[in-house]
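Asker: Sharing a structure, written as structure tokens. Questions coming.
Just so it is clear, none of the values below were taken in a lab; they were calculated from the coordinates. These figures come from a predicted structure and were not determined experimentally. So basically every Cβ, Gly included, is an ideal-geometry build from the backbone, and we count neighbours across all protein chains shown.
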Amino acid sequence: MSHRVRGALAVMALVIAGTALSGNVRVPAGAGPFYARIERNVAGEPLVPHDEEWAVVPFYRQPECVRPDFNLLDLFDIPACFGCQDTVAGFEIWRTAPGLDPVPLQVVSLGMEGMPIWLAPWDELQVAMADDVLTIDELEAIAVKGQATFFKQTMHPYQAKLQMVGKGTLDDGRSFLFSSEETHGVIQTTRIEVR
């Protein structure tokens, strides 16, 4: 092994060791391999933040990009979704580094200007999901479209915890705000206000 290669390996080892010793590593992050925050829980039941009246569906990628035959309850659409524009940006915090840890300690996603957030009447959405399929056309037929003026999602993968807060305006002129907390695939609390 040449001196140059040994030197490069030594520098890499110091960087990795220094990172591990110095604390957490923060890296930029965009949307994951999915379109929207709608999925199934571990029991296979739909998991959507909702209260008695409304369900809230934040879009991490532009809704126009969702394939018409894609089941939104499947969440992941790899690789197709990677060709779609992100509507969030943020960062991940890793204990050591991506590729060295199984998952990040924390993932924070912030809505970009005009991030789509749709509200759907909860009773109508339940009917639409009853066959275990929800396409973008089915969702669009019942949803009131809107855009976030603020959106923040914080995920703690090791604790299986997800928190979301947001507000914005609906296309019909009303405004909305919401907050939701999920732990281990169970919605703990959701508050949605439409004015």
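Asker: For the range 137-159, how many residues are outside any strand (DSSP E or B) and of a type in the set (Val, Ile, Thr)?
Answerer: The qualifying residues number 1.
Asker: How about the range 33-64: which of its residues are under 16 Å from the mean Cα position of the chain (by Cα) and of a type in the set (A, V, I, L, M, F, W, C)?
Answerer: First, the residues of the range 33-64 that are under 16 Å from the mean Cα position of the chain (by Cα): 33-41, 46-50, 55-63.
Passing the criteria: 34, 36, 38, 47, 48, 55, 56, 57, 59.
Asker: Something else now. Exactly one condition in (1) among the charged types (D, E, K, R); (2) touching a Ser or Thr at 6+ places or on another chain (Cβ under 7 Å); (3) under 20 Å from residue 28 (Cβ atoms) is false for residue 95; which is it?
Answerer: (2)
Asker: Please state which one of 92, 52, 64 is part of a strand (DSSP E or B) and of a type in the set (D, E, K, R). Steps first, answer last, please.
Answerer: On the way: 52 fails: part of a strand (DSSP E or B); 64 fails: part of a strand (DSSP E or B).
Exactly one of 92, 52, 64 is part of a strand (DSSP E or B) and of a type in the set (D, E, K, R), namely 92.
Asker: It is to be established whether one or more residues within the range 71-78 are within 20 Å of residue 150 (Cα to Cα) and either assigned to a helix (DSSP H, G or I) or not aliphatic (A, V, I, L, M) (or both). Full working, then the answer.
Answerer: First pass over the range 71-78, keeping only residues within 20 Å of residue 150 (Cα to Cα): none.
No, because not a single residue in the range 71-78 is within 20 Å of residue 150 (Cα to Cα) and either assigned to a helix (DSSP H, G or I) or not aliphatic (A, V, I, L, M) (or both).
Asker: Please specify each residue of the range 141-159 satisfying the condition of being over 24 Å from residue 64 (Cβ atoms) and loosely packed, with under 14 Cβ neighbours inside 10 Å.
Answerer: Answer for the range 141-159, where residues must be over 24 Å from residue 64 (Cβ atoms) and loosely packed, with under 14 Cβ neighbours inside 10 Å: 158, 159.
Asker: Please find, among 195, 191, the residue that is of a type in the set (D, E, K, R), more than 15 Å from residue 57 (Cα to Cα), surrounded by fewer than 16 Cβ atoms within 10 Å (Cβ to Cβ) and out of contact with any helix residue (DSSP H, G or I) (no Cβ under 8 Å at 6 or more places or on another chain).
Answerer: Step by step, each of 195, 191 is checked, and only 195 is of a type in the set (D, E, K, R), more than 15 Å from residue 57 (Cα to Cα), surrounded by fewer than 16 Cβ atoms within 10 Å (Cβ to Cβ) and out of contact with any helix residue (DSSP H, G or I) (no Cβ under 8 Å at 6 or more places or on another chain).
Asker: Among residues belonging to the range 59-94 that are in contact with a Gly (Cβ under 9 Å, 6 or more places away or on another chain) and farther than 20 Å from residue 40 by Cα, point out the one that is surrounded by the most Cβ atoms within 10 Å (Cβ to Cβ).
Answerer: 87
Asker: Would you mention how many residues in the range 102-140 are without any contact (Cβ under 8 Å) to a residue 12 or more places away in the chain and either of a type in the set (Gly, Ala, Ser) or buried (at least 16 other Cβ atoms within 10 Å of the Cβ) (or both)?
Answerer: Qualifying residue count, the range 102-140: 2.
Asker: Restricting to the range 160-179, and then to whatever is assigned to a loop (DSSP other than H, G, I, E, B), in contact (Cβ under 8 Å) with a residue 12 or more places away in the chain and over 15 Å from residue 59 (Cβ atoms), can you tell me which residue is nearest to the chain's Cα centre (by Cα)?
Answerer: 160
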